[in-house]
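The values are calculated or read from the model by the stated rules, or taken from the named source; none is laboratory data. Note that this is a predicted model, so its numbers are computed, not measured. Using ideal geometry, Cβ is built from the backbone for each residue, glycine included, and neighbour counts are taken over all protein chains shown.
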Amino acid sequence: MTSTTRRRAKALALGLVLVAGSAAAADLTLPRGAQQSFGTVQSPGAYALPTGPWKNGYLPVERVEGRIEVAAWHLPDSDETPFQLAQPLRDALVAQGFDILLDCRARACGGFDFRFATLVLPAPEMFVDLSDYHFISALSDEEGAVSILTSRDARAGYIQIIRAGGSVGEIRPGAPADPVPAVPAQPRDDIIRTLENSGHVILRDLLFRSGSTALGEGRIASLDALAAYLADNPSRQILFVGHTDATGSLEANRRVSLRRAEAAMSYLRDRHGTRAAQIGAEGVGYLAPVASNLTPEGREANRRVEAVLISTE
């Protein structure tokens, strides 16, 4: 049996099938029961693909430009480890001609520092146990870049896949699963309704590049909606507020949360010409949690950027 045949057999045994496509693409079928929790595309965009572990305060990356697709899936009641979830995907990419640049577990990747130096969707779309995750990055001259991040909690497995600069075809759940469809971008009306009724809204489609404080270069639906709202309502003002979990010092977390909020403010100013008097940024670190910091799920939920309506009329 050839090595390629063995890889394909292993993938099939774990419910992951690589379906032959064109010479420049392949279709990836996820494990049975996978439920898509998020999907977004930025085109054109840019992604900082990790090429090595975090070391000496630095994460080596390769910038990949073009079409950037970010998606995540839940696997309810899965008992597979992050390694078991990730490795068949790795083998499928190898069989398709990708070069594996990085294949590491949590501590070997760089633990906390690695997780926060690369793009990861926030909870509940993606959950990452900082002590138990697996990361793989791969590159192909013809098909672009792919990164795979897997983790789990006590009840489910989680998979995040980022495809950049090319295509590995379609990713679809394995039959006969009935997956939850991709969560669309927050509709403008929903964002504005929540903002006006609640006084604030969490911006769930803000995705951060390497360093986790700079936004990608593609369009961001929630920020575009807020820019249009402010243009239509010149007397209204919005404050972007960055939040973190309680890991690390308050001072360090305030700095990170402020930079994230400033990135959102800069997007409105630079792309839409929003007046400086209508927007501001603040970082509060871990002082305003929306969930308990005693659980991984809670810490994930606490890492966010919100828009706060500060107008009084």
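Annotation: ARG32 fulfils all but one of (1) under 19 Å from the mean Cα position of the chain (by Cα); (2) assigned to a loop (DSSP other than H, G, I, E, B); the unmet one is (1).
Of all residues in the range 220-236, those satisfying the criterion of being within 11 Å of GLN278 (Cβ to Cβ) and either touching a strand residue (DSSP E or B) at 6+ places or on another chain (Cβ under 9 Å) or outside any loop (DSSP other than H, G, I, E, B) (or both) are LEU226, ALA227, TYR229, LEU230, ALA231, ARG236.
Across the range 73-106, the qualifying residues are those that are without any contact (Cβ under 8 Å) to a residue 60 or more places away in the chain and among the small types (Gly, Ala, Ser), and the one among them that is surrounded by the fewest Cβ atoms within 10 Å (Cβ to Cβ) is GLY97. Quick check on LEU207: is it at negative phi, of a type outside the set (D, E, K, R), buried (at least 20 other Cβ atoms within 10 Å of the Cβ) and modelled with pLDDT under 90? When the stated conditions are applied, LEU207 passes them. Residue check: is ARG236 among the basic types (Lys, Arg), in contact with an Asp or Glu (Cβ under 8 Å, 6 or more places away or on another chain), outside the structural domain of GLY157 (by TED's automatic domain parsing) and in contact (Cβ under 8 Å) with a residue 60 or more places away in the chain? When the stated conditions are applied, ARG236 does not pass them. Considering only residues of the range 129-160 that are among the charged types (D, E, K, R) and not in a strand (DSSP E or B), which is surrounded by the most Cβ atoms within 10 Å (Cβ to Cβ)? Across the range 129-160, the extreme among qualifying residues is GLU143. If you go through the range 44-56 one residue at a time, do you hit one that is under 22 Å from GLY157 (Cα atoms) and modelled with pLDDT under 90? Checked against the condition, which is being under 22 Å from GLY157 (Cα atoms) and modelled with pLDDT under 90, the range 44-56 yields no hits at all.
When GLU282 is tested against (1) more than 26 Å from VAL70 (Cα to Cα); (2) in a loop (DSSP other than H, G, I, E, B), exactly one condition is not met: (2).
The residues of the range 275-290 that are closer than 14 Å to ALA261 by Cβ, surrounded by fewer than 17 Cβ atoms within 10 Å (Cβ to Cβ) and either in contact with a Phe, Trp or Tyr (Cβ under 7 Å, 6 or more places away or on another chain) or of a type in the set (Gly, Ala, Ser) (or both), listed by number, are GLY280, ALA288.
You will find that of ARG260, ARG255, ARG304, ARG269, the residue that is within 23 Å of the chain's Cα centre (by Cα) and free of Cβ contacts under 8 Å to residues at least 40 places away in the same chain is ARG255 and no other.
The set of residues in the range 73-90 that are at pLDDT below 85 and either out of contact with any Leu (no Cβ under 7 Å at 6 or more places or on another chain) or of a type in the set (Ser, Thr, Tyr) (or both) comprises ASP77, SER78, ASP79, GLN87. One residue stands out in the range 291-308 among those that are assigned to a helix (DSSP H, G or I) and not charged (D, E, K, R): the one that is surrounded by the fewest Cβ atoms within 10 Å (Cβ to Cβ), namely GLY298. Of all residues in the range 237-257, at least one satisfies being part of a helix (DSSP H, G or I) and closer than 23 Å to SER198 by Cβ.
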